[in-house]
Every structure is written in structure tokens, then in C-alpha cells.
Amino acid sequence: RKVLLIGIDGCRPDAIAAANTPNLDRLVAAGAISTNTSILGPRDAGSDTVSGPGSSSIYTGVWADKHGVKDNEFAGKNYGRYPHFFALLRRARPGAETASFAAWGPIHEHILSAATVAGGEPETGKGPEAWTAADVRVAEAAVKYLREGNPTAVCVYLGQVDETGHAKGFHPSVAEYVAAVERADAHVGELLRAIEERPDATDERWLVIVTTDHGGRGTGHGDGHAVE
């Protein structure tokens, strides 16, 4: 049994509905979808709707009042007590291989420090074009590993949808934002094909999860508590 967790930063579900996303549609048809989740914990009004606390909640399974991350500075991180699920997996199965592929530095530096394999070059610039290129590199590295490696759990982070939202707007009426969602969906397809073409694919059972860390409106996504 193996896990692939794909994070698409800053992706609104209504933008997925407006976009041509055959790979996400295929996963929904074969599995389940939820569009009414929140990254804001019920016990803590101090966390923001940004990637640091959002991704930390996804990967640790607890809210910000426990994992300690309130923003993208990671100053209060408490991963020692509330670790990423990679760490928990390796406690139970010390031989498990855990891999993370991301261009956003804090993913490797803070959240996924327990990964035994880390790939994806750090971002080399800001804006949609730079992050579109970064996602290509991340996807290529992850695909190569999925084809050739021996993973137990793999996390892949895609950042261009968020960067496009900041530059052009987080809304399904924004053509550039929808196009970024479609490119992310294409990367999802590449990752799924890599799993299906593994040498022992018929003997493996994969759980595939795709999630976002937050949405957005206008060209931002902070202050989620204020606009709920």
C-alpha cells in the first residue's frame, strides 16, 4: 500500500469546475471529493489562510494551535510534538521510503524534513512564468522517482496556480488562473501515468490524494478569519 499526496497551492474548486481537468475529473469519478473544508481551526483565531499553516495542518493532521505555525515565518512550529505523517510512518515502519518534491523552500526546510528523498529545485524567481517552469521541474523529478524508486509515501507540491492568482486574480473568470489550473492538472496526469507504468503496478495499491492549502479572492488569500 502506497500514498501519493499532491498539493496544488491556491486552487479554488470553482476554478477546477471551470477548467478542462480530465485527470482531476478521473480521480473524482473513481473516488470522492470535498469542497466545503476549511484550513482555519475552530480553536485558534491566530492562524492565517496562507501556505505555512495550511500545509502544516494537511501534513500533520492537527490545527495551528497544536502544530504552532500561524504564518509563513514558521516561528512557532511544533513539529517535534506534532510531526508530519512521514515521521509517524517511519516510526512504525523504519524502512519506509518517503519522498517530497517541491520548489517552495519551506516545504523541505520545515514541514517535510523527515523525507528520506527530497527533490525539486528551489524557486529561481517570482511570478507565474517562474513557477510554471518550477512545476515542470518538480513534476519531472517526481515522475522519474515514481517510475524508478521504491516509495511508500510521496508528496508533490505545485505552486503556479497560487502565483498566477496573486498576479492575475483568484477567480474562475480569470483566464490565466484557469489555464494554470489546467497545467497543474496535466502534471497530475503525468504523476498518475508514472504510477500506472511502474514495473509492479498490478501488485501495488495506491491511495492518491489531491488537495489545496487555501483558496483566494482578488489577488490575495490572507485574513481568512475576517472574511469567513
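Got a sec? Which of Ala64, Ala30 is farther than 19 Å from Asp162 by Cα, open to solvent by 20 Å² or more (accessible area, probe 1.4 Å) and among the hydrophobic types (A, V, I, L, M, F, W, C)?
On inspection, the qualifying residue turns out to be Ala30.
Just name the residue that is most open to solvent (accessible area, probe 1.4 Å) out of those in the stretch 8-24 that are closer than 7 Å to Val181 by Cβ and of a type outside the set (Ser, Thr, Tyr). Even if it seems obvious, please write down each step before you answer.
Taking the stretch 8-24 first, the residues closer than 7 Å to Val181 by Cβ are 11, 15-16, 19, 21.
Right, trim to of a type outside the set (Ser, Thr, Tyr) and you get 11, 15-16, 19.
Details: Cys11: 8, Ala15: 0, Ile16: 49, Ala19: 15 Å².
Among those that are closer than 7 Å to Val181 by Cβ and of a type outside the set (Ser, Thr, Tyr), it is Ile16.
Spot the failing condition for Gly105; the list is (1) farther than 21 Å from Val181 by Cα; (2) touching a Phe, Trp or Tyr at 6+ places or on another chain (Cβ under 6 Å); (3) not aromatic (Phe, Trp, Tyr), and only one is missed.
Single failed check for Gly105: (2).
Among (1) open to solvent by 30 Å² or more (accessible area, probe 1.4 Å); (2) touching a helix residue (DSSP H, G or I) at 6+ places or on another chain (Cβ under 8 Å); (3) small (Gly, Ala, Ser), where does Gly218 come up short?
Among (1) open to solvent by 30 Å² or more (accessible area, probe 1.4 Å); (2) touching a helix residue (DSSP H, G or I) at 6+ places or on another chain (Cβ under 8 Å); (3) small (Gly, Ala, Ser), the lone unmet condition for Gly218 is (2).
Just checking, does the stretch 184-199 include any residue being open to solvent by less than 70 Å² (accessible area, probe 1.4 Å), among the aliphatic types (A, V, I, L, M) and in contact with a Phe, Trp or Tyr (Cβ under 6 Å, 6 or more places away or on another chain)?
Taking every residue of the stretch 184-199 in turn, at least one turns out to be open to solvent by less than 70 Å² (accessible area, probe 1.4 Å), among the aliphatic types (A, V, I, L, M) and in contact with a Phe, Trp or Tyr (Cβ under 6 Å, 6 or more places away or on another chain).
Under 19 Å from Tyr59 (Cβ atoms), crowded, with 20+ Cβ neighbours inside 10 Å, touching a helix residue (DSSP H, G or I) at 6+ places or on another chain (Cβ under 8 Å) and hydroxyl-bearing (Ser, Thr, Tyr), is that true of Tyr177? Walk me through it before giving the result.
Numbers: under 19 Å from Tyr59 (Cβ atoms): no; crowded, with 20+ Cβ neighbours inside 10 Å: yes; touching a helix residue (DSSP H, G or I) at 6+ places or on another chain (Cβ under 8 Å): yes; hydroxyl-bearing (Ser, Thr, Tyr): yes.
No; evaluated as a whole, the condition is false for this residue.
Can we say Tyr145 is open to solvent by less than 60 Å² (accessible area, probe 1.4 Å), in contact with a His (Cβ under 9 Å, 6 or more places away or on another chain), part of a helix (DSSP H, G or I) and not hydrophobic (A, V, I, L, M, F, W, C)? Explain how you work it out, then say what you get.
Working: open to solvent by less than 60 Å² (accessible area, probe 1.4 Å): yes; in contact with a His (Cβ under 9 Å, 6 or more places away or on another chain): no; part of a helix (DSSP H, G or I): yes; not hydrophobic (A, V, I, L, M, F, W, C): yes.
In short, no.
Would you mind telling me which numbered condition in (1) out of contact with any strand residue (DSSP E or B) (no Cβ under 8 Å at 6 or more places or on another chain); (2) open to solvent by 40 Å² or more (accessible area, probe 1.4 Å); (3) not polar (S, T, N, Q) Trp206 fails?
It is condition (1) that Trp206 fails.
Does Thr49 meet the test of being at pLDDT below 95, under 20 Å from His166 (Cβ atoms) and either under 19 Å from the mean Cα position of the chain (by Cα) or surrounded by 21 or more Cβ atoms within 10 Å (Cβ to Cβ) (or both)?
Against the criterion (at pLDDT below 95, under 20 Å from His166 (Cβ atoms) and either under 19 Å from the mean Cα position of the chain (by Cα) or surrounded by 21 or more Cβ atoms within 10 Å (Cβ to Cβ) (or both)), Thr49 qualifies.
Can you name the residue in the stretch 87-112 that is over 27 Å from Asp71 (Cα atoms) and of a type in the set (A, V, I, L, M) and is also most open to solvent (accessible area, probe 1.4 Å) among such residues?
Filtering the stretch 87-112 for residues that are over 27 Å from Asp71 (Cα atoms) and of a type in the set (A, V, I, L, M), the one most open to solvent (accessible area, probe 1.4 Å) comes out as Ala92.
The values are calculated or read from the model by the stated rules, or taken from the named source; none is laboratory data. This is a predicted model, so every value here is computed, not measured. Every residue, glycine among them, receives a Cβ derived from its backbone with ideal geometry; neighbour counts consider all protein chains shown. Each accessible area value is taken on the protein alone, full model and side chains, heavy atoms only, with ligands, DNA and RNA left out. Shrake-Rupley method; radii C 1.70, N 1.55, O 1.52, S 1.80 Å.
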